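Written below as structure tokens is the structure these notes are about.
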Amino acid sequence: MADQDLHTFTSLMDALVRVSSNMKSMERELRCPVCDEMVKQPIVLPCLHSVCVLCAAEVLVQRGYPPPDLPPEPNTPTSSPHTRSPRHARRPPPKSGLDRVLKTVCGSYPGRRRKDTPPLLMLFPCPLCKKDVELGEKGLIDCLRNLTLERIVERYRHSVSIGSMAVMCQFCKPPQPLEASKGCADCKANFCNECFKLYHPWGTPRATHEHILPTHNFRPKVLVCPEHEQERLQFYCRVCQRLLCSLCKLRRVHSGHKVLPIAQAYQTLKEKITKEMNLVLANQETVQAQIGQLEGAITQMELNSSVAQEKLLACVEQVRAALSERQTSLASALEGSRARRADALDAQLQEKRSLLEDAGLVTYTHELLKETDQPCFVQAARVTHYRLVKAIEHLQNFSLSADPSFRHFQMDGSRELKEISSMEFIRAPLAPVIDTQKTLAYDQLYLCWRLPQDSAPAWHYSVEYQRRVGGAGSVWGGVRTEGKGPNSTGGWLRMDDVSGMCAVIDRLEMDSVYVLRVRGCNKAGFGDYSEEVYLHTPPAPVLAFSLDSRWGLHADRLALGKGQTYARSVPGLALLQAADRTLTSCHLTSDLLVADLSIAQGRHYWACSVEPGSYLVKVGVGLEAKLQEWFHLPQDMASPRYDPDSGHDSGAEDAQDSPPPFCFLTMGMGKILLPHQGVTHPSGHPLTIPLPPRLGLCLDFDKGRVTFYDAHSLRMLWEGPVDCSAPVCPAFCFIGGGALQLQELVANRSIEQTPPRRVTIQTRATNLCN
């Protein structure tokens, strides 16, 4: 039996220790973020954080705001003799009838206009949000007390015995008052058992008072509206996230807001918190693992900090050593210059001193003049004569043999000081900016980027990409936030050590969307990712060809550029002369260009750019034989038959028999005229759309269909039939002046420039290089 009692006692003590430990671990949640003490009379800020009301008032006063009106702080049992009786409940002084009428009707007192001074908006610096929170015109008066937090603090104090002193009964007669065992929330007083029975007899209204644990800080039983006295808060506005009374609910500011009864808001929020708490408790292993990871990160951070500190000291020591070495070198140069100048000035000084009356040269000359032997005199006097001539010349044109100033040895260390003062730790490169004008998807993906001006340099770059499922041609070149999308086909593939500002990815899957991003790297590590760019590959293998002018009959009007990929048509001299001779009628010229190859099977895609200022340009495909016949019989060009843009026939009469031999789109002056078979304007006129920067064409020879795309977004513009009973070739027709440029292959572009980093994507589907 003794062992069982011991076991029960041990279990009870363990439970008490566990409860006490849990309560102590909660203490951090009960501290005021301003004073770092247990909260006292906490109020809820508009940001939903709680602080002590006195702390909030002190912060506002320190910011220069006038002292706010604070709610009266509950008195201690020994502060007032009136607290000896519950009859004298602590309540604010009653307002006179005049005050109530003036405040209700006028909102203020007479003699004061509301618009005399602008309302003072108080900003409270919340230490948890790290930003200023607007309190409104009334300041702290609009902030409700956090009664729930007060109750939790009260329970915490009783559980861990943190109270500074025992709460004594306020009604026991001296000299020996008893310790209070109960508190009355209505009387706002503390009682021992005997006094509580005495002042709350059975059968009286006081017997229904709510009794609580003894406390020095009595709270109101319910929250009331700070603007409408005695109005209970019965509603919750989900938009404003504020408690409302029945009168506040009627305000215009809450019209259209989702306002819930307080019971519904209570139940909803309680269910959410319960669900979230259960989720947290169910993932305790994950929490422990993350705690271990954080502790390891803190340890690693301390080690890395020590290593960085050592590297910093070593770097500064290297700078100091280099500065000392440079100082020694400059001092040595200065000393050498001083010695050379001193020798020159000393020699000049000795020479001048020799010219004095009693100096060596003058005395020697006097002795030399006493020589009577003529040959000996001439032999010895020549040197003396040269010295005297030189001395007289220096005497007449005296100048120092060396500059005594050292103005050429002045140090200007302002630049070096500026460099030293601006020494900083190496920063990782900023997020690169994708150049959407140069980035494109054609036969290969070509990605081009640049670094912001204020970015640190990058040693190399890392390009990441992945294929997405689903058409996203409408967002080509668009950017989205970083992250893995739900439609990605796998993880990110990476190209490391890209040295230039561009990268090429080849062997792509057709009609697929690829998302790419890039980041730079230097000694500080990798920087942030660029915004993701989405590229849509062509729907068919890219057809590479050049323009062929072997059928051309107007060489004076048609000019081809280098590589036969650029063509320009201009009015020739013959047309100008004909226009000068003819005063009436209209003359048009047509120039036809075709590809240097023809298509006899499969699906193929190509793109071109038409100059927006072109008069009329037709882009499409046609039967090779029919194109020759059309060009050599230019009068047929005036006939609208077989022209899908005209709407006249357009193969409509023969639609049941055979498709038309040509399929063209007409564009000019920055517009594209869509054929009548497509969508028309409500007015009945053909629909025109803006000319895209690049126009794409996809020919399906087996199905006899040609599709026109906006090559920039790969958005389909129009689709039509074409006769594919014989080889078909791309064709371009100029009517009047115009210019056209075939899309250059990315592979050819990369050959001319510095070869960028390449990568091959292994695919299981048909790729563009097949």
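Laboratory data are not the source of any read-out in this text; all were calculated from the coordinates shown. Here the structure is a predicted model, which is why all the values come from computation and not from measurement. All Cβ positions, glycine included, derive from the backbone under ideal geometry; neighbour counts span all protein chains shown.
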Among the listed pairs LYS130/LYS249; LYS626/LYS703; LYS173/LYS197; LYS130/LYS275, which are separated by more than 23 Å between their Cα atoms? LYS130/LYS249; LYS130/LYS275
Cross-link pairs beyond the 23 Å C-alpha cut-off, checked among LYS40/LYS182; LYS352/LYS390; LYS188/LYS272; LYS618/LYS671; LYS438/LYS562: LYS188/LYS272
Out of residues 5 or more away from ALA711 or on other chains, whose amide H comes under 5 Å of its own, with H placed 1.01 Å from N in the peptide plane? ARG694, LEU695, GLY696
Could you run the Karplus curve 6.51 cos²θ - 1.76 cosθ + 1.60 with θ = phi - 60° over the range 248-256 and give me ³J(HN,Hα) per residue in whole Hz, x for Gly and Pro? 5, 5, 7, 5, 5, 5, 9, 5, x
Starting at the first residue of the range 38-51, write each ³J(HN,Hα) from the Karplus equation 6.51 cos²θ - 1.76 cosθ + 1.60 with θ = phi - 60°, in whole Hz, x for Gly and Pro. 4, 5, 9, 6, x, 10, 9, 6, x, 7, 6, 8, 10, 9
Sites LEU128 and LEU250 - FRET efficiency at Förster radius 41 Å, r taken between beta-carbons, to 0.05: 0.80
Per-residue ³J(HN,Hα) for the range 123-128, Karplus 6.51 cos²θ - 1.76 cosθ + 1.60, θ = phi - 60°, Hz, x for Gly and Pro: 10, 9, x, 6, x, 8
For the range 368-392 and the range 316-347, what is the centre-to-centre distance using only Cα atoms, to the nearest Å? 45 Å
Pull out the extension gain between ARG28 and VAL433, defined as 0.36 nm times the separation in residues minus the alpha carbon to alpha carbon distance; nm, one decimal. 141.4 nm
Could you give the nm distance between label points at ASP596 and ARG232, where each point is 7 Å from its Cα heading toward the beta carbon? 9.2 nm
Relative packing of peptides 536-542, 337-343, 412-418, 499-505 - highest average C-beta neighbours within 10 Å first: 536-542, 499-505, 337-343, 412-418
Report the GluC sites (Glu not before Pro) located in the range 314-399 that are in a DSSP loop and have at most 10 other Cβ atoms inside 10 Å of their Cβ, or state none. GLU357
Amide H contacts under 5 Å for CYS240, placed H, 5+ residues apart: none
For THR215, residues with placed amide H under 5 Å, excluding near neighbours: none
Could you work out the relative contact order of the range 408-468? I mean the mean sequence separation of Cα pairs under 8 Å and 6+ apart, divided by the number of residues, in percent. 29 percent
ARG63-GLU194 FRET efficiency (beta carbon distance; Förster radius 60 Å; 0.05 resolution): 0.75
